[in-house]
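Since the structure comes first, as structure tokens, the remarks are kept for the end.
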Amino acid sequence: MMKRIINSALIVVLVASMAVITGCSGVSEEQMAELEALRSEVKALEKEVGTLKTEKAAIEREIAEKNAKLDQCAKEKAEVKKNLEKIGM
């Protein structure tokens, strides 16, 4: 979802930039500065996306580890219950 938002933002920025550049006979310093600012913002957002993907992967690994522990506990609980039933408790 975040990727779609960023891709949409990039497309809007690029289309707007192209419209500004091609719509005029020349590009002013102000327009170039704005374009550079937008490019910098895009780079920052891409970096943030990378960071968030890394964090997501770490959280998913942690969840997988905890789920594995839960599965192991459930198996041990079933075994204990089975053994208690054998001895009549």
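If you go through region 1-25 and pick out every residue that is in a helix (DSSP H, G or I) and at pLDDT below 65, you end up with 5. Of the numbered criteria (1) outside any helix (DSSP H, G or I); (2) in contact (Cβ under 8 Å) with a residue 12 or more places away in the chain; (3) not aliphatic (A, V, I, L, M), the one Glu46 fails is (1).
Can you name the residue in region 49-89 that is assigned to a loop (DSSP other than H, G, I, E, B) and not β-branched (Val, Ile, Thr) and is also surrounded by the most Cβ atoms within 10 Å (Cβ to Cβ) among such residues?
Here the answer is Met89.
Looking across Glu65, Glu55, Glu79, Glu85, one residue alone is closer than 27 Å to Asn7 by Cβ and without any contact (Cβ under 8 Å) to a residue 24 or more places away in the chain. It is Glu55.
The values are calculated or read from the model by the stated rules, or taken from the named source; none is laboratory data. All values reported here derive from a predicted model rather than from experimental measurement. All Cβ positions, glycine included, derive from the backbone under ideal geometry; neighbour counts span all protein chains shown.
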